[in-house]
Structure formats: C-alpha cells, structure tokens
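For reference, the structure is listed below as structure tokens.
We did not get these values from a lab; they are worked out from the coordinates using the rules stated. Source: prediction; values computed, not measured.
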Amino acid sequence: MSKISWRRLLVTLFLLGLVTWLGVDFFVQQQEASKAESEPVWLTGPDAEMQQASSGLEIGDQAPDFKLNDLSGKEVKLSDYRGQEVLVNFWASWCEPCKEEMPVFQSYYESDGQRVEILAVNATNTERSVKDVETFVEANGFTFPILLDRDATSVEDYLAFYLPVTYKIDEEGKISDLHRGPLTHDMMDEWLST
C-alpha cells in the first residue's frame, strides 16, 4: 500500500470512530433525558431525601392543615374536606414529570371527583410568576382546584422537597399513602382502589 492509501485508511478509520462515538454519546444522552423526564425533580438538593427519610411525614400521621388561595383568590383549607378522601399533589408548571401527570388528575377529577377530591398545590415560590401557572392551567384546561403556595409553607410542612409528590389523605385527615414521582392512569387505578 502506498503512503496515500495508508493515510486515507487512517483518516477513514478515525472519522468512522468519531462518528460512532458521537452516535453512542447521543443515544446515551437521549436515554438519560428520557429517564430524567419521569423522575421527581429536587427542590432543595439530594440531601432533602435524607431529611425526609429521617423526619418526614409517614403513613398514619395527621396531615398538616393548610390555608391557601386558589387561582381565583378563594381561600381553601384542607380541613374543610374532612370526611372526604383527598389527594394533595405538590407540583410546578416547569416540572416535566408534573406536566406528565396533570392530565391524569384531570381525568380522575372528571370521572371520580365525587369520590376523591384533588387539591393541586403549586410550589409558587419556584415559579417565575403566577401568570406562568395561570397560563399553564388555562392552556391545558385543568378544572380541579389549583392552590398557590406562594411562601412554600405547605411545601415545607409536607416536606415536599422534590416534585411531584402526592399524599393520599383519608376521611379522618390522616395520610393513608404517598407517592413520589408522576402518577399514571394505571397507578391511579391501583392507588385509588386500596
């Protein structure tokens, strides 16, 4: 083989290797991005999981009461729903996993709204503006109660350090279950049947 043929072969192999490396790298990044979209979003960093594990709310605990305003300014208290099963969901409009599950809540609100109340508590202090929340809710046609936690009082009371997180509150106001991460239709069917 001549010098030019060797050079062409080396350049071709180098370029082929580079293209393969870029393709594998792209594939791995896509897989990681896809996985990240369905995982909870940390509000305060990974140390929060340790805090929640050691001092968090547990099944059987009395759910902390809250008094928050909905998007129209009406005051809503969790204790007003005593005697009903309630799902308290903490979310934000910028949170991709939250966006995934909001249509699921809407579907259940329309079909099961008499049996279970849904209170979606927005982590408003993490939003750019309340207008962002209003725009997101209106654009998606959500009709279940959206509550604004402007100063993160409820987020802190519930130790909701990552989003989304949903607490199932029984008729007596006690936490009967909780789920970290987005809920799907199948998960909601199973969760609400217990």
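Quick one: which residues, 5+ away or cross-chain, put their amide H under 5 Å from the amide H of Asn69? H built at 1.01 Å from N.
Correct list: Val76, Leu148.
Grab the stretch 41-193 and count how many Lys pairs have their alpha-carbon atoms under 19 Å apart, sequence gap of 8 or more, or different chains.
Working: Lys67/Lys77; Lys67/Lys168; Lys67/Lys174; Lys74/Lys131; Lys77/Lys168; Lys77/Lys174; Lys99/Lys131.
Lysine pairs, 8 or more places apart or on different chains, close enough: 7.
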